[in-house]
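The values are calculated or read from the model by the stated rules, or taken from the named source; none is laboratory data. What you see is a predicted model, and the numbers here were worked out from it, not measured in a lab. Reconstructed Cβ throughout: ideal geometry from the backbone, glycine too, with neighbour counts over all protein chains shown. Surface accessibility is based on the protein's heavy atoms, side chains included, excluding ligands, DNA and RNA. Shrake-Rupley method; radii C 1.70, N 1.55, O 1.52, S 1.80 Å.
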Amino acid sequence: MNRRDFLKMSSLATMSAVGMWTGITETFAHAPEQKEKYRSYNTGLASSMEYRKLGGLDVSAIGLGCLPMVGYYGGKYDKHEMIALIRRAYDEGVTFFDTAEVYGPHTSEEWVGEAVAPFRNKIKIGTKFGFGVEEGKPTALNSRPDHIRRAVEGSLKRLRTDHIDLLYQHRVDPNVPVEEVAGVVKELILEGKVLHWGMSEASARSIRRAHAVCPLSAVQSEYAIWWREPETKIFPTLEELGIGFVPYCPLGRAFLTGVIHADSTFSRNDRRWNLPQFQPEALKHNMPLVYLVQQWAERKGITPAQFALVWMLSRKPWIAPIPGTTNPQHLDDFLGAGKIRLSAWEMEEFDRDYAKIDLMGHRADPFTESQIDK
């Protein structure tokens, strides 16, 4: 399928622009005493955040992905600063926090659990099972029923809660029928330990099979301006079945924000170092897309990061992206996209410009790709 045919198949359902966001300007505090002084736990700062439904689950239009906090893109981060960042997000209207048992492993869930404890019942937590963390094999797929139950019990303990708002199967396990997985989750829902469930990187066929046993509220997949495969592969199914969509890496792992340049390099402890899209030749080849995003951001009077999210939020009302960050200023920046939207005409114009750009590089390395359901 060529690029223009792809764009014709992509849905352009949009919402009109409804306003601008004004962010918090307080300095990010480091000392515990300062953090206590800053703490507000949502006292009216969230007025510009839109809220959406993923199936029957109410969430903020922009959530917070809590994977980068464990050093996924390099670096080592202070627990107290990351907890302060999560609480800052809540103050700014975020009610949807994404984690997984494999992030760390366990560290992300522990930090999220501690961070949201003061306002646990006012937010939604999404976490995941599906890798052999409980068996000491965190890169191996495992969705056996006994593993799912062990994983859920561990997640509940680390998250300091008696229920998981949205439990995902992290990856489809080819050795366990999705109907069997859905059946176990259905039992967990009846027990009150899980309220909603979803799948990550699942094919339309697997989504249908799972949904027939236990209705899904959301599906999570990588999706961004430069990786639009979900539009043709699963969007029609999600729309038909009333399932929400949660894009991860909506800022293209920072590529779309303009902070990555044609000559950028990545260390081996940075997840991007072996991804095809981030190889030297691909970076140089794909820079025209960065320039296009920058042009449109200037036109709308927003930042490139905000435009990348505005573009996504304007496509469907059942999309709720989960950009991740470890930086409070970056958090304030992308949350500025909370209510800004593109008109249908602007979406069409952007897609015409986008169709003229040739992109290079796949989104995943071979091993990661081998674990993605087709």
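If V176 satisfies all but one of (1) buried (at least 22 other Cβ atoms within 10 Å of the Cβ); (2) outside any helix (DSSP H, G or I), what's the number of the condition it fails?
With (1) buried (at least 22 other Cβ atoms within 10 Å of the Cβ); (2) outside any helix (DSSP H, G or I) applied to V176, the lone miss is (1).
For the stretch 309-326, indicate whether the set of residues that are assigned to a helix (DSSP H, G or I) and more than 21 Å from Q220 (Cα to Cα) is non-empty.
Within the stretch 309-326 (the criterion being assigned to a helix (DSSP H, G or I) and more than 21 Å from Q220 (Cα to Cα)), the answer is no, since none of the residues qualifies.
Residues checked against (1) surrounded by fewer than 15 Cβ atoms within 10 Å (Cβ to Cβ); (2) under 30 Å from T139 (Cα atoms); (3) within 23 Å of the chain's Cα centre (by Cα):
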site: G324; (1), (2), (3): no, yes, yes
site: N327; (1), (2), (3): yes, yes, yes
site: L335; (1), (2), (3): no, no, yes
site: G338; (1), (2), (3): no, no, yes
site: S343; (1), (2), (3): yes, no, no
site: E349; (1), (2), (3): yes, no, no
site: K356; (1), (2), (3): yes, no, no
site: G361; (1), (2), (3): no, yes, yes
site: A364; (1), (2), (3): no, yes, yes
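Yes/no matrix, rows are residues, columns are (1) within 23 Å of P321 (Cβ to Cβ); (2) more than 18 Å from the chain's Cα centre (by Cα):
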| position | (1), (2) |
| --- | --- |
| Y77 | yes, yes |
| M82 | yes, no |
| G93 | yes, no |
| Y103 | yes, no |
| K122 | yes, yes |
| G126 | yes, no |
| F129 | yes, no |
| E134 | no, yes |
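I need the full set of residues from the stretch 104-122 which are touching an Asp or Glu at 6+ places or on another chain (Cβ under 8 Å) and surrounded by fewer than 24 Cβ atoms within 10 Å (Cβ to Cβ), in order please.
G104, the sole residue that qualifies.
Going through the stretch 126-154 one residue at a time, which ones are surrounded by 20 or more Cβ atoms within 10 Å (Cβ to Cβ), touching a Gly at 6+ places or on another chain (Cβ under 9 Å) and assigned to a helix (DSSP H, G or I)?
If the condition is that a residue be surrounded by 20 or more Cβ atoms within 10 Å (Cβ to Cβ), touching a Gly at 6+ places or on another chain (Cβ under 9 Å) and assigned to a helix (DSSP H, G or I), then V133, H147, I148, A151 are the ones that fit.
Taking the residues in the stretch 277-300 that are aromatic (F, W, Y) and buried (at least 16 other Cβ atoms within 10 Å of the Cβ) as candidates, determine which candidate is nearest to the chain's Cα centre (by Cα).
Here the residue is F278.
Please work out which residue is surrounded by the most Cβ atoms within 10 Å (Cβ to Cβ), limiting yourself to the stretch 69-97 and to residues that are acidic (D, E) and part of a loop (DSSP other than H, G, I, E, B).
Checking each candidate, the answer is E92.
Name the helices (runs of 4 or more DSSP H) wholly within the stretch 194-274 that hold at least 1 residues that are open to solvent by less than 10 Å² (accessible area, probe 1.4 Å) and of a type in the set (A, V, I, L, M)?
So the answer is 204-213, 235-241.
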